[in-house]
1. So what J values fall out for segment 27-37 if you push phi through Karplus, 6.51 cos²θ - 1.76 cosθ + 1.60 with θ = phi - 60°, rounded to Hz, Gly and Pro as x?
2. Order the peptides 44-51, 75-82, 9-16, 103-110 from the highest to the lowest mean number of other Cβ atoms within 10 Å of their residues.
3. Between Val97 and Ile73, with labels modelled 7 Å along Cα→Cβ, what's the label distance in nm to one decimal, could you check?
4. Grab the other residues whose beta carbon is less than 13 angstrom from that of His41, score K and R as +1, D and E as -1, and report the net.
5. With just the Cα atoms defining each centre, how far is segment 51-105 from segment 29-49? Give it in Å.
6. Taking the simple approach of a point 7 Å from Cα along Cα-to-Cβ for both Phe129 and Leu15, what is their distance in nm?
7. Once the Cβ-Cβ distance between Phe50 and Val80 is put in as r, and R0 is 22 Å, what FRET efficiency do you end up with, to the nearest 0.05?
8. I'd like the FRET efficiency for His41 and Glu8, computed as 1/(1 + (r/R0)^6) with the beta carbon distance as r and R0 of 35 Å, rounded to 0.05.
Amino acid sequence: MQTGREREGLILPFLGPLYGALSGLAETLLRVFCGIALVVHGTPKILDPFGSTGMVESIGFFPGALWSLLLSICEFGSGVLLVVGFLTRPAALVATVLLLVTVYFHWIQLGQGWDGSEKSILWAAVTFFFVANGARTLSVDRMLGRAF
């Protein structure tokens, strides 16, 4: 919601109420679609939780079976939690760390640089937003009146 002071800085101040009304919806859509992307990307991993064993070992995570299982749970689970807005900050933190590891994997391990890491950097920025801000509107956290 925009304050009177924020509206004063707008080139078209009459749009302030519209921006205020859309703010919560935009933030919710960003969180939900971020969570959906994590769920979609994590579904094959949750269906075969040890399928990434070789990949996680190749970047130095041993024992690979344990880290593959954790990767599966974290990616899929954080996505589900973000979609519903429950335990939003911890879920977003887990997703952010996971995404930063993928940046390392693509940028350093595979030598793809920005081209290979761009999506992970973008998604890490989105998840970091929710680490800092929580779910706010339209979330289980809000309905419970409690958040981290």
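1. Listing the rounded values in order: 5, 5, 4, 4, 5, 5, 5, 4, x, 4, 4 Hz.
2. Values: 44-51: 14.5, 75-82: 22.8, 9-16: 10.9, 103-110: 16.0.
Put in order of decreasing packing, that is 75-82, 103-110, 44-51, 9-16.
3. 1.2 nm
4. On the way: positive: Lys45, Lys119; negative: Glu75.
In short, +1.
5. 11 Å
6. Inter-label distance under the simple model: 1.8 nm.
7. On the way: r = 20 Å, r/R0 = 0.92.
The calculated FRET efficiency here is 0.60.
8. Values: r = 43 Å, r/R0 = 1.22.
It comes out at approximately 0.25.
Computed from the coordinates by the stated procedures, all read-outs in this text should not be read as laboratory data. Because the structure is a prediction, the values reported are computed rather than measured. Using ideal geometry, Cβ is built from the backbone for each residue, glycine included, and neighbour counts are taken over all protein chains shown.
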